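Below: one structure, written as structure tokens.
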């Protein structure tokens, strides 16, 4: 119950930065209903009801059983690629919240790097003082690293690195990128 | 015999079922009934709604999913 005001505080502060808090509640009526919970704590983020119980696993429903193996409150951070980057029950007071916030800030800051510029080949997101993308050998090296090391790419890199436009990132994109750079296809 | 085998396999499947953990990708089809702060008016909220989406300021979403009870 003590976590509700904290989650709202951070939602207020970081919603513009991409944070969305989703409350997954259950065992309503002790004492709050879903609407009562929202009203009592002045919450502005979505609340979903996890009482569509598909089995008899103590309490909770599908969400509790999918994501938690212990007690509530339980917190998860899911980054912009839908990867779960934090999952833990947090009964550890401020220390536990500090850990959540570290993960949260890391994910939000990482997202500043993947704001899509919608410029083909703009892999490393370097810009001139006039805010024009610089596309050069460094972008090529970055794309090469991403492809050859099979590093998970974000959705922007997938789009900006797909030079051939075939929906697949592979060495053909690298060859195409080399050709375009060597022929001066990029106006910089 | 076949029935015993099927039951055994079923129980083994249940015993090996695990929760989604760090490093896993959240199931895109996961959704639950929306009960509070529902501006869209949809019946359920699915995590897939945030996959690849951006907010009003052009930023990709990071989800803080917090499970709770009211007691």
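The values are calculated or read from the model by the stated rules, or taken from the named source; none is laboratory data. Owing to the predicted nature of the structure, the values given are computational and were not obtained by experimental measurement. With ideal geometry, Cβ positions are generated from the backbone for all residues, glycine too; neighbour counts draw on all protein chains shown.
Within this structure, residue A:178 fails the test of being exposed (fewer than 12 other Cβ atoms within 10 Å of the Cβ) and at pLDDT 80 or above.
In the set (1) in contact with a helix residue (DSSP H, G or I) (Cβ under 7 Å, 6 or more places away or on another chain); (2) modelled with pLDDT of 85 or more, residue A:135 fails one condition alone, (1). The set of residues in the range A:16-49 that are assigned to a loop (DSSP other than H, G, I, E, B), touching a residue at least 12 places away in the same chain (Cβ under 8 Å) and facing chain B (nearest Cβ under 7 Å) comprises A:17, A:18, A:27, A:28, A:43, A:44, A:45, A:46. Restricting attention to the range A:79-100 and to residues that are under 16 Å from residue A:64 (Cβ atoms) and within 8 Å of another protein chain (Cβ to nearest Cβ), the residue that is modelled with the lowest pLDDT turns out to be A:87.
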